[in-house]
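The values are calculated or read from the model by the stated rules, or taken from the named source; none is laboratory data. Owing to the predicted nature of the structure, the values given are computational and were not obtained by experimental measurement. We place every Cβ from the backbone using ideal geometry, glycine too, and count neighbours over all the protein chains shown.
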Amino acid sequence: MKKIIILVSFFIALGFIGEAGTEISLKHELQVELDRITANEQIPGVTFSAIIRGDNKLDLASGYSDVENKIKMKAGDIMFSGSIGKTYAAAVILQLYEEGKVDVNDPVMKYFKDEQWFKRVPNIEKVTIRMLLNHTTGIPRYAFDSSVWKEMKDNPDKVWSGKDRLEMVFDMKPVHKVGVEWAYSDTNYIILGMIIEKVTGNDYYSEMKKRCLSPFDHKNTNPADKRKLKGLVTGYCRVKELLLPDKVGVDSIFPFNPQMEWTGGGVVSNTIDLAKWARQLHSGKAFNNKITELIQKPVPFKTDIKGALSYGMATIIWKDEFGISYGHTGFFPGYVSIMQYYPEHDISVAIQINTDTLPEGMVLNNITKNFIKIIKLRDKTEK
């Protein structure tokens, strides 16, 4: 009898018997796939998290957070999440909508009628909150102006106001007419942040913490509102036009004040929180079903996001052999991220990479799809 118990324990440890074995085996397969991403050394390091039907959580890492100093990337390491931060801004404004404090069909000028300078923003007199949320305003991207990056190099500690950012697009030609096409623009979300502050009388980051981070247990997500950010790992910037050093975030200090990004992104996080947020946001746990449907409703226009089916409100919509998924990608100098939720399978995944330029042919949502494939194959073998 003693020999049988020892033998069963041995097989469980190897992953041949029971739930624990299944988890170990799946974790191993996912780790092999993650290691494949960093094998050619074009990707310094990567972190990955998955939440499978709410109760199976996996957090992995591969490669280096600092290549030169041979510091290994760890599961849970903190990076900039770029435009994924827009999902928090959208969540705040839609909570205000639920509370009857704003309407998504409100004209934006309703909130800026006393600021004459605001009329210099292209198309603004016909823009609504809904259009800001789904990028159908035609307002140009302020961050694409080269003078922005020169200003950040010359004045790295500058604290940017909403007007500072909007001045970059004053009197510019619109990208398209209002509400008839789609064009991604961080400027839209800067204006949303300004509306949030006007309506609440509070600063945006305080509202984000109160409404999104604390209630949903996002302990690893924080505002990117200063140059030194606790826990930030090194990133590798390969976009030379940004006038930044090749290595950013050294000693958790960024070369310029990332507060510039604000409601266009504006947070540091890790894949643990991102996978959690993707599930909360798109499974109906963060809002009532009416708001969730609003977020996920696709615009009736073509988008230029690689691999995407369409765009909702701070939501990229994908479709592949595993069905529809919802989430967002993010870019910030030195870092890229993705979070994605498949409602049909109740699986959410998130990936962060500490470089801003992927090898040719590598697309973030194709990487996540490979992990979904491994998880779903495991499901089949267990049935």
Run down Ile84, Ile93, Ile51 and say which single residue is of a type in the set (Val, Ile, Thr), under 25 Å from the mean Cα position of the chain (by Cα) and in a strand (DSSP E or B).
Ile51
So in segment 107-154, with the set limited to residues that are among the β-branched types (Val, Ile, Thr) and part of a loop (DSSP other than H, G, I, E, B), which one is nearest to Val178 (Cα to Cα)?
Thr137
Just checking, which of Gly100, Gly76 is closer than 28 Å to Leu364 by Cβ and not hydrophobic (A, V, I, L, M, F, W, C)?
Gly76
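Please note which strands (runs of 3 or more DSSP E) are completely contained in segment 297-365 and include at least 1 residues that are surrounded by fewer than 24 Cβ atoms within 10 Å (Cβ to Cβ) and at positive phi.
Numbers: elements: 316-320, 323-332, 335-342, 347-353.
It comes to 323-332.
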Can you name the residue in segment 1-55 that is small (Gly, Ala, Ser) and closer than 30 Å to Leu358 by Cα and is also modelled with the lowest pLDDT among such residues?
Ser25
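In segment 162-206, which residues are charged (D, E, K, R) and within 19 Å of Glu151 (Cβ to Cβ)?
Kept after step one, since they are charged (D, E, K, R), are these residues of segment 162-206: 163-165, 167, 171, 173, 177, 181, 186, 197-198, 203.
Of everything in segment 162-206, those that are charged (D, E, K, R) and within 19 Å of Glu151 (Cβ to Cβ) turn out to be Lys163, Asp164, Arg165, Glu167, Asp171, Asp186.
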Need pairs with beta-carbon distance below 7 Å; first residue in a loop (DSSP other than H, G, I, E, B) and within segment 163-175, second among the charged types (D, E, K, R); sequence gap 6+ or separate chains.
Phe170/Arg120; Asp171/Arg120
Taking Ile291 and the conditions (1) touching a helix residue (DSSP H, G or I) at 6+ places or on another chain (Cβ under 8 Å); (2) surrounded by 17 or more Cβ atoms within 10 Å (Cβ to Cβ); (3) under 28 Å from Lys57 (Cα atoms); (4) modelled with pLDDT of 95 or more, which numbered condition does it fall short on, given that it satisfies the others?
(4)
In segment 239-262, residue nearest to Gly284 (Cα to Cα) [restricted to those that are surrounded by fewer than 19 Cβ atoms within 10 Å (Cβ to Cβ) and within 20 Å of the chain's Cα centre (by Cα)]:
Gln259
Just name the residue that is nearest to Arg165 (Cα to Cα) out of those in segment 96-127 that are surrounded by 20 or more Cβ atoms within 10 Å (Cβ to Cβ) and β-branched (Val, Ile, Thr).
Val121
Do we have Gly76 as part of a loop (DSSP other than H, G, I, E, B), touching a residue at least 40 places away in the same chain (Cβ under 8 Å), surrounded by 14 or more Cβ atoms within 10 Å (Cβ to Cβ) and of a type in the set (Gly, Ala, Ser) here?
yes
Is it the case that some residue within segment 163-171 is surrounded by fewer than 16 Cβ atoms within 10 Å (Cβ to Cβ), of a type in the set (Phe, Trp, Tyr) and touching a Lys or Arg at 6+ places or on another chain (Cβ under 8 Å)?
yes
